[in-house]
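Just so you know, all these numbers are worked out from the coordinates, no wet-lab data involved. Every value quoted in this text rests on a predicted model; they were computed, and no experiment measured them. Here Cβ is always computed from backbone atoms with ideal geometry, including for glycine, and neighbour counts include all displayed protein chains.
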Amino acid sequence: MNKDMNKVMNKELLVKVCLRVNNFLKNNTDGHDVAHIYRVYQNAVYIADNIENCDKDVIILSALLHDVDDYKLFHTKNNENARSILISCEVEKDKIEEICNIINSVSFSKNKKPATIEGQIVQDADRLDAIGAIGIGRTFAYGGCHKRTLQDSIEHFFKKLLRLKSLMNTDVAKDLAEERHLFLLKFLEEWNLENNSLFNQEI
Ligand code: NI
């Protein structure tokens, strides 16, 4: 793998990793599906293109593999799934460690800022997919899948989604988050309006 920003990652490796990730997430219905992975990958590449001196290959691989050992989805230890994919794709040992460290530092529940710019970019890329229209869709998909009420999903906006804008690490992600955050507020306003108008109706 190269460290040169302008060289694109080896296509063969990219395809191999994507196919293996697809095997793990193809049946997912709670918002952690392959489309989520693809959007996070795209977000990460977009952010990385605007930042000098970052290892794009590490960013791309971490973005693609960030959910294959998620505790909500799998009961693996020590990034077992990510490691098996990377080993089968013949990625170097030190890179595998770097990627696993990033994956372990991006989760919202861990509540920490990744130590490296590569980790910070992947965390921002994942968080961007949790807000805006996509974030709303994913929140209700997750809620439905895990037998949560609609009100539980609305509460998730306050526990997590509305906090993400101010937790972005990079300026690029902060800019992208702005509009998506406004859309969350607009949605909540409309949600309240429609609920209240129902209750105020004379029957
Ligand atoms: Ni994710």
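Note on K26, K113, K160: ascending count of other Cβ atoms within 10 Å places them as K26, K113, K160, the fewest first.
Arranged from fewest to most other beta-carbon atoms within 10 Å of their beta carbon, T29, T116 become T29, T116.
Rounded to whole numbers, the Karplus 3J(HN,Hα) couplings from phi for the range 20-25 are 6, 5, 4, 4, 7, 10 Hz, using 6.51 cos²θ - 1.76 cosθ + 1.60 with θ = phi - 60°, and x at Gly and Pro. The separation of the range 102-177 from the range 16-70, counted between C-alpha centres, amounts to 14 Å.
Can you bin the range 108-156 into rounded, prolate or oblate? Criterion: square roots of the alpha carbon gyration tensor eigenvalues sorted a ≥ b ≥ c, rounded for a/c under 1.5, prolate for a/b above b/c, oblate for the rest. It is prolate, given that a/c is not under 1.5 and a/b is the larger ratio. The angle between the Cα long axis of helix 171-200 and the longest principal axis of the Cα atoms of the chain comes to about 30 degrees, rounded to the nearest 10. Neighbour counting of Cβ atoms within 10 Å sorts the residues E97, E52, fewest neighbours leading, into E52, E97.
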